[in-house]
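K.L.:
The following block contains the structure, expressed as structure tokens.
The values are calculated or read from the model by the stated rules, or taken from the named source; none is laboratory data. Just so it is clear, the structure is predicted and the values come from calculations on it, not from any experiment. Note: ideal-geometry Cβ built from the backbone for every residue, glycine included; neighbour counts use all protein chains shown. Each accessible area value is taken on the protein alone, full model and side chains, heavy atoms only, with ligands, DNA and RNA left out. Shrake-Rupley method; radii C 1.70, N 1.55, O 1.52, S 1.80 Å.
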Amino acid sequence: MTDVEVFENYESEVRSYCRSFPAVFTTSKGSIMKDENGKEYIDFFCGAGALNYGHNNDYIKEKMVAYLMSDGIMHSMDMMTVPKKEFLQFFEEKVLQPRGLNFKVMFPGPTGTNGVEAALKLARKVKKRNQIWALMGCFHGMTLGALSLTSDAGSRGGAGVCLNDVTHIPAPYMFPELDTIKYMETLLTDDHSGVEKPAAIIIETVQAEGGVHVFSNEYLQGVRALCDKYDILMIVDDIQVGCARTGTFFSFERAGIVPDMFVMSKSIGGYGMPFALTMFKPELDIWSPGEHNGTFRGNQLSMVAAKAGLEYMLDHKVEAEVKRKEGIIRKYMDENIARPGVEIRGIGCIWGVQVADGKLALAICNKCFEKGLIMERAGRDNNVLKLMPALVATDDELMRGLDIIRDSMNELM
Ligand SMILES: Cc1ncc(COP(=O)(O)O)c(C=O)c1O
């Protein structure tokens, strides 16, 4: 049996990324992944945002190895441990407080969708309303509550039950002539709208899986103001574009807004470790003890990695580094990628290149893979190349990756 046949024969048909990147990977460092034939790939996928600080980041690794070697507690449900104490203190004092953010930290299960589920439950419990509003084009996870928000038909198709209690609102880019904030306000005030007032509106500040649509500061401020006016909770899903991906640690900082709740996962685990946080204003913390539970909440090694990741982010001024790289990418896009029939969108270190259709985007991604670049597709019909380099990629790695995209597009378009 060849290596690939092992996966094809034994693993479920549900597998997905391994179909896009058909190599058996062995080691990785920074922005580079290696397969078992020794071929190197530049990683512009980064675990869909879980590897902002690069693969096997030495600083974080050392902290994790030291913890393992000390026989530190590995599993403790949500008991009090030193890693949890140190993470909470560091996050509070070095990340939240300097930004003037007063939030309670909840450790849900260790994935993004777990964090979203917890936020939905709490929002509904606080407001005693069952509806949640989400945007068309959003992605919030694959478990039932989160999936009822997630808008793409392919993901929803797997549910097998009705996905209820969510109203989808057009995203602002879908109908540029429509004021979608006003539209939402009409839904709330028109006694013939037929739409119930929600407990919360959940939003990504950049729709990542939706095709890299960056929402303007004015739009985000508009949603905040609407939520305030009508006593609705604003939830920001910062799972993919948080952790400095857009140039500020929390993606909503650029709009000068503070949500009522936000959810983090992916790179908050520092090293690609499973970890998630559901954050909410203290007055919303009406949980009874154990009302939301889970065996793997607060994985201890993830907490060690998460704290080390935050230290690394601050010590290496990663936010400023992202802003610098944004300039490099934007210039490169203008000079080398822009062409008729192509739309380019992005901020910080997340960029989307929309081409004519999904078939062409697939051909480009496959060509890039052949040339040694790993890059995902996103958006309607999967027609957007989604570039997510490590925030700590060297300029040389960044340019090599961009050159591969340019060359692949030149060959195929
Ligand atoms: C914005 C957003 N929310 C939620 C999720 C779900 O996270 P997870 O796959 O860890 O459940 C994702 C995953 O891609 C995401 O991008």
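K.L.:
Considering only segment 139-149, I want to know if a residue exists there that is touching a residue at least 24 places away in the same chain (Cβ under 8 Å), surrounded by 23 or more Cβ atoms within 10 Å (Cβ to Cβ), of a type in the set (Phe, Trp, Tyr) and under 25 Å from Met375 (Cβ atoms).
P.N.:
The answer is yes, given that some residue of segment 139-149 is touching a residue at least 24 places away in the same chain (Cβ under 8 Å), surrounded by 23 or more Cβ atoms within 10 Å (Cβ to Cβ), of a type in the set (Phe, Trp, Tyr) and under 25 Å from Met375 (Cβ atoms).
K.L.:
Do we find that Ile239 is more than 18 Å from the chain's Cα centre (by Cα) and either within 10 Å of the ligand (Cβ to nearest atom) or in a loop (DSSP other than H, G, I, E, B) (or both) in this structure?
P.N.:
no
K.L.:
Considering only segment 250-287, state which residues are of a type in the set (Lys, Arg) and touching a helix residue (DSSP H, G or I) at 6+ places or on another chain (Cβ under 8 Å).
P.N.:
Arg254, Lys266
K.L.:
Listed residues Val6, Val82; which is more than 22 Å from Lys371 (Cα to Cα), among the aliphatic types (A, V, I, L, M) and either within 22 Å of the chain's Cα centre (by Cα) or exposed (fewer than 13 other Cβ atoms within 10 Å of the Cβ) (or both)?
P.N.:
The conditions single out Val6.
K.L.:
Over 29 Å from Asp407 (Cβ atoms) and part of a loop (DSSP other than H, G, I, E, B): does that describe Tyr312?
P.N.:
no
K.L.:
Those residues that are in a helix (DSSP H, G or I) and of a type in the set (A, V, I, L, M, F, W, C), I need them from segment 1-35; list them, please.
P.N.:
Result: Val4, Val6, Phe7, Cys18.
K.L.:
Could you give me the residue pairs with C-beta distances under 8 Å whose first residue belongs to segment 52-69 and is under 18 Å from Thr394 (Cα atoms) and open to solvent by 20 Å² or more (accessible area, probe 1.4 Å), whose second residue is among the aliphatic types (A, V, I, L, M) and part of a helix (DSSP H, G or I) wherever it lies, and which are 6+ apart or on separate chains?
P.N.:
Tyr59/Ala308
K.L.:
For segment 93-112, how many residues are assigned to a helix (DSSP H, G or I), farther than 17 Å from Ser302 by Cα and either open to solvent by 60 Å² or more (accessible area, probe 1.4 Å) or in contact (Cβ under 8 Å) with a residue 24 or more places away in the chain (or both)?
P.N.:
Qualifying residue count for the region: 6.
K.L.:
Let me ask something else about it. Here are some conditions: (1) exposed (fewer than 15 other Cβ atoms within 10 Å of the Cβ); (2) more than 20 Å from the chain's Cα centre (by Cα); (3) part of a helix (DSSP H, G or I). Phe90 meets all but one. Which one does it not meet?
P.N.:
Phe90 satisfies every listed condition except (1).
K.L.:
Would you point out the residue of segment 363-387, among those that are within 22 Å of Lys39 (Cα to Cα) and part of a helix (DSSP H, G or I), that is most open to solvent (accessible area, probe 1.4 Å)?
P.N.:
By that ranking, first place goes to Glu370.
K.L.:
Please go through segment 261-284 and give me each residue that is away from the ligand (no atom under 13 Å from the Cβ), crowded, with 24+ Cβ neighbours inside 10 Å and more than 16 Å from Glu92 (Cα to Cα), ordered by number.
P.N.:
Gly270, Tyr271
K.L.:
Another question, if that's okay. Name every residue in segment 36-73 that is of a type outside the set (Asp, Glu) and part of a strand (DSSP E or B), in order of residue number.
P.N.:
Across segment 36-73, the qualifying residues are Tyr41, Ile42, His55.
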